[in-house]
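Take a look at this one; I'll ask things after.
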Amino acid sequence: MHHHLILRVVAKMLLPPILLYALYVQWHGDYGPGGGFQAGVIFAVGFILYALVYGVEALMRVVPPMTLVAFMCIGLLLYAGTGVASMLLGLDYLDYSKFSPDPVHGQEWGILIVELGVGIAVASAMTAIFVAFASREPEIDDKDW
């Protein structure tokens, strides 16, 4: 169980800063470079690093596949639901100006919700794609050679 002890220790030290940086990119994306897509990819990188060091089975115990599917749906619903909510308020799709009494603040709140939805959907989709590929059984067995 002590196989690759240094790699495991370094991964444990790297995971919190990676996830924290993903949250920074998520919430800073409204005012500078970054946003939901970039934050989602960085967040997924943290999970992928965990799987590479501890194994895909360990990642699937931490984040079960059905949880990934649920988060993909939640992210999509946040994005699409924000657009539908703006249409129900009599505006164009993804026009958030009525989300607050001040139209500028309404735009800020709207984009934060949309970017959160994108971040959640991208992080869970990227992690699910990795799990799908990494958990496949080898098509060519070593005995065939």
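Within segment 8-61, track down each residue that is among the small types (G, A, S) and surrounded by fewer than 17 Cβ atoms within 10 Å (Cβ to Cβ). Talk me through it step by step, then tell me what you get.
Step one: list which residues in segment 8-61 are among the small types (G, A, S), which gives 11, 22, 29, 32, 34-36, 39-40, 44, 46, 51, 55, 58.
G32, G55, A58 - these are the residues of segment 8-61 that are among the small types (G, A, S) and surrounded by fewer than 17 Cβ atoms within 10 Å (Cβ to Cβ).
At least 1 residues that are touching a residue at least 40 places away in the same chain (Cβ under 8 Å) and either of a type in the set (S, T, N, Q) or under 14 Å from V118 (Cβ atoms) (or both) in each: list the helices (runs of 4 or more DSSP H) lying fully within segment 1-88 that qualify.
5-28, 36-54, 65-88
Still on this model: Report, by residue number, each residue of segment 89-107 that is under 30 Å from A128 (Cα atoms) and either in contact (Cβ under 8 Å) with a residue 40 or more places away in the chain or aromatic (F, W, Y) (or both).
Y93
Every number in this text was worked out from the coordinates using simple rules, so none of it is lab data. Computed from a predicted structure; not experimentally measured. Cβ atoms come from the backbone with ideal geometry, glycine included; neighbour counts cover every protein chain shown.
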